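Structure, as C-alpha cells:
The values are calculated or read from the model by the stated rules, or taken from the named source; none is laboratory data. Only a predicted model underlies this, so the values are computations on that prediction, with no experimental measurement involved. Because the Cβ atoms are built from the backbone with ideal geometry, glycine has one as well, and the counts that use them run over all protein chains shown. Keep in mind that these areas ignore ligands, DNA and RNA; they rest on the heavy atoms of the full protein, side chains included. Shrake-Rupley method; radii C 1.70, N 1.55, O 1.52, S 1.80 Å.
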Amino acid sequence: MELSTSPALWAYGSVWLFFSLLLLFRFSHSDMVLTPSLLLYFFLLVVFEWFCHLYLPLLPGIVLLSSACWYVLGIASPRRLLSAGGKAVFITGCDSGFGNATAQKLDQMGFKVIASVLDLQSPGAKDLQKRCSDRLTIIQMDLTKPEDIKKAHQIIREKTAEDGLWALVNNAGYCAHFGDAELSLMSTYRSCMEVNFFGTLEITKTLLPMLRSSKGRIVTISSPAGDHSFPFLAAYGSSKAALSRVMDTFRHELLPWGVSVSVIQPGSYRTGAHNNSNYWENQHKKLLAGLPIELLQEYGEEYICETQRKFLGYGKTASSDFSPVLDSITDAILSENPKVIYYAGKQLWLLYFIGIYLPHCISDNFFKSIFLKNKSLPRALQKQKNNE
C-alpha cells in the first residue's frame, strides 16, 4: 500500500495537524514562548510517534500519541493567574494541616482571608493570629452545627460587603477510625458523613449565592480514598466519595453562572491528628466498647490493635511538605482556567493508573502491598488455618 493512501498516515497526520493548530492558538492567545524545553518535548513526541507507528496497532497508537500531545500542551502552556488583591476567601478547618497552611499562604499573597476553626483558643488559631496580617479574620465554626454555619455566613457577609466573596475552600475533614468496614461503628460512618459530606455541602449551599454573584471559585479537598476502595478506610472513603460526586455535580450546574468548581486529591500527608496518640487511644477505646462481644471475639482485640498500629506507622511516613497541595489550591483560586481535578502528591499518578486502568488482579495486589503487607489474620481465620 502506498504511503499516501495509508490509513495510519492519515490518522497520525490528523493528530499532528490538530496538535499544531492548538499550539498555534496557544502562541497567539497567551504569553507562551518557544523555549528549549518545548523543543525537547516536540522531539520526544516525534520519537514517540515513530514508536507507536512501528510497534502498536493503529487505534492504541493514535490514543497514546493524542494523550502525549495533550499532556505537552498542558505543561507547556503558561498558567495565567488573576490578581489576589481585594479578593476574599473563606477556608474551613484551619486549626491545623492544609487549612492552617493555606490561610497563612493566602494571607501572605494579599487575600482577605476568613478562616474557620473549631476552637478559637487552639494552638492553630493562636498561630494564625500571630503570623498573619490584620486582613485575616478567624471565626469559630463546627460544620455539624447549623447555628454555627448561620453565624459564619453572617460574619462572611459583613466582612465581604465591599468586594464580595471570591472563593470557598472546603478543607475541613474528619477521620475517626482505621479498621475493617465490619468493625467500624455506625456512629463512625455517621460522623464522617456529617463533617465530610453534609457539613461541607451545607456551607457550600449557604455561600453559593455570594459565589454566584462574584462568579467565584469553589475548591474542595477530597481524598484518593474516595476514588479507590482502600482497605480499612470504609467510613472515611465513603464520605469523600460522596463529597467528590456532589462537587462534580455542582461543577456542571454552576458552569452557566460562571462559578468554577475544583477538587484537590492530595497524596499522603501528615495532617490533623496523625501525631496525636491520645486521640487515637481514645478512639480505640470507644471502638472496643461499642463492638458486640461476638464480633470482638471473631476478630480479636490483637487484630484490631495491630490495624491501628500499622496505620499510625504508615502515617509517620507521610510527607510533611504541603507545598504541592498549597500550590494546587492557589492555582484553583487564581487561575483563569482552573483544573477540574488537581492531583497533589508525588507518584499519585501511579496509584490512579494502577487503580483505574490495570486489571483487579494487579491493582488488588498493589493495594494489598500497601495496606495488608505482613498483616495478621483475624482470630477466627487463624483458628481455621491452624485446623486445616
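Sort through ALA84, ALA68 and tell me the only one that's more than 30 Å from LEU106 (Cα to Cα), open to solvent by less than 90 Å² (accessible area, probe 1.4 Å), at pLDDT 85 or above and out of contact with any Cys (no Cβ under 8 Å at 6 or more places or on another chain).
ALA68
When you scan the range 157-181, how many residues do you find that are part of a loop (DSSP other than H, G, I, E, B), at pLDDT 95 or above and of a type in the set (Asp, Glu)?
0
Are any residues in the range 247-268 open to solvent by 30 Å² or more (accessible area, probe 1.4 Å) and under 18 Å from the mean Cα position of the chain (by Cα), and if so, which ones?
Result: ASP248, THR249, ARG251, SER260, SER268.
Does GLU336 satisfy being acidic (Asp, Glu), modelled with pLDDT under 80 and loosely packed, with under 13 Cβ neighbours inside 10 Å?
In short, no.
Please find, among LYS205, LYS240, the residue that is in a helix (DSSP H, G or I) and touching a residue at least 40 places away in the same chain (Cβ under 8 Å).
Exactly one residue qualifies, and that residue is LYS240.
In this structure, is SER184 assigned to a helix (DSSP H, G or I) and open to solvent by less than 20 Å² (accessible area, probe 1.4 Å)?
Here the answer is no, as SER184 does not meet what is asked.
Hey, can you tell me all the residues within the range 187-232 that are open to solvent by 20 Å² or more (accessible area, probe 1.4 Å), of a type in the set (Val, Ile, Thr) and over 24 Å from THR307 (Cβ atoms)?
THR206
Test GLN283 against the stated conditions and say whether it is surrounded by 16 or more Cβ atoms within 10 Å (Cβ to Cβ) and either free of Cβ contacts under 8 Å to residues at least 24 places away in the same chain or over 15 Å from the mean Cα position of the chain (by Cα) (or both).
Answer is yes for this residue.
Among the residues that make up the range 310-322, is at least one of them among the hydrophobic types (A, V, I, L, M, F, W, C), under 23 Å from LEU381 (Cα atoms) and in a helix (DSSP H, G or I)?
Checked the range 310-322: at least one residue is among the hydrophobic types (A, V, I, L, M, F, W, C), under 23 Å from LEU381 (Cα atoms) and in a helix (DSSP H, G or I).
Could you grab me the full set of residues in the range 309-333 that are touching a strand residue (DSSP E or B) at 6+ places or on another chain (Cβ under 6 Å), closer than 22 Å to CYS175 by Cα and open to solvent by less than 20 Å² (accessible area, probe 1.4 Å)?
ALA318, VAL325, ILE329, listed by residue number.
Taking the range 352-381 only, how many residues are open to solvent by less than 30 Å² (accessible area, probe 1.4 Å) and farther than 30 Å from GLU294 by Cβ?
Number of matching residues: 4.
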